[in-house]
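Heads up, the thing below is written out as structure tokens.
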Amino acid sequence: MIRLFYIEWIKWRKFSPVLIIISLYTVLFFLICFGLDEIIIDKVAGNFIKDNYNSTNLLMQFNPYKFPDAWHTFAYIGKFFKILLAIIIINIISHEFQNGTFKQNVINGLKRWEYLFGKLILVFLFSSFSTLLVGIAAITGGIIYSSVSEMAFFENAHFLFLSFINTFTYLSIAVLMGVLFRNTMTAFVILMLLWFPGDLLWLLIIPDEFAVFRPFEVIDELLPFSKHEISVWKLIIVCFLYQLLYWLVSYFKIKRDIT
């Protein structure tokens, strides 16, 4: 595994699109996270000033940046940024197929499963990076907005794990798109079409009780705006099954050919 990680590191450590998007991802995430508090204050003030509510006191009581809600809040915000990481994954895989890197690696003795395992390592690292940013933001926001008596630090911290599963599952789809189409623009457009309207088309052929388990919907339901409507463990298990499917299809695709 260390060898595969080193191979991926050597290939992509100076690849400018990766560095640019990672930097953009980090900056945008923190800018939106810590600009959103002012938007909330303005919104609450606009809604309640006519009733002479004290918007500041209201936010102090229900502020989503306070512990323990900070974990949920920042995980929810973070899920909207995974599309940038998906672009990186698709770009990396497409670049390898288009410039012959994949074929050359196989000729040099790299097994196909090792190539795909290298991408699994990348997906794991990007998902961990995303989760780390969520954790840093949540801890920072929680400490800033929570009083000492409200420091329920570890309550709701499981949203970090859900954030990781959310990102990992989505990036697994990105790997599949890259392997199948091997062109950045084509793979990205197909990914977007599968999300919308593709995910909605499932409603035409599956019972309503299974609608929440649609490929993209189940990912989204891991980090809902308010609270989970169904068992979190059901969502996690279904996401794991989808991950298995995506990686198996990707493996059999690259096993079939090297072109």
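The values are calculated or read from the model by the stated rules, or taken from the named source; none is laboratory data. Owing to the predicted nature of the structure, the values given are computational and were not obtained by experimental measurement. Note: ideal-geometry Cβ built from the backbone for every residue, glycine included; neighbour counts use all protein chains shown.
Residue check: is Ile173 within 30 Å of Ala86 (Cβ to Cβ) and touching a Pro at 6+ places or on another chain (Cβ under 8 Å)?
For Ile173, the condition - within 30 Å of Ala86 (Cβ to Cβ) and touching a Pro at 6+ places or on another chain (Cβ under 8 Å) - is met.
Of these, Pro215, Pro197, which one is under 15 Å from the mean Cα position of the chain (by Cα) and surrounded by fewer than 22 Cβ atoms within 10 Å (Cβ to Cβ)?
Checking each option against the conditions leaves just Pro215.
Which ones in the range 130-142 are free of Cβ contacts under 8 Å to residues at least 12 places away in the same chain and either within 15 Å of Phe81 (Cα to Cα) or buried (at least 23 other Cβ atoms within 10 Å of the Cβ) (or both)?
Result: Leu132, single match.
Among the listed residues Phe74, Phe97, which satisfies the condition of being at pLDDT 60 or above, farther than 16 Å from Phe34 by Cα, part of a helix (DSSP H, G or I) and not charged (D, E, K, R)?
Phe97
Given the conditions (1) at pLDDT below 95; (2) assigned to a helix (DSSP H, G or I), report the number of the one that Ser172 does not fulfil.
(1)
Just checking, does the range 215-222 include any residue being modelled with pLDDT of 95 or more, touching a Leu at 6+ places or on another chain (Cβ under 6 Å) and not in a helix (DSSP H, G or I)?
So far as the range 215-222 goes, yes, one or more of its residues are modelled with pLDDT of 95 or more, touching a Leu at 6+ places or on another chain (Cβ under 6 Å) and not in a helix (DSSP H, G or I).
Among the residues that make up the range 143-166, is at least one of them in contact with a Pro (Cβ under 6 Å, 6 or more places away or on another chain), in contact (Cβ under 8 Å) with a residue 12 or more places away in the chain and buried (at least 17 other Cβ atoms within 10 Å of the Cβ)?
Scanning the range 143-166, I find at least one residue that is in contact with a Pro (Cβ under 6 Å, 6 or more places away or on another chain), in contact (Cβ under 8 Å) with a residue 12 or more places away in the chain and buried (at least 17 other Cβ atoms within 10 Å of the Cβ), so the answer is yes.
Kindly indicate whether Ile254 is among the β-branched types (Val, Ile, Thr), at pLDDT 95 or above, surrounded by 13 or more Cβ atoms within 10 Å (Cβ to Cβ) and over 17 Å from Asp69 (Cα atoms).
Judged against the criteria, Ile254 is not a match.
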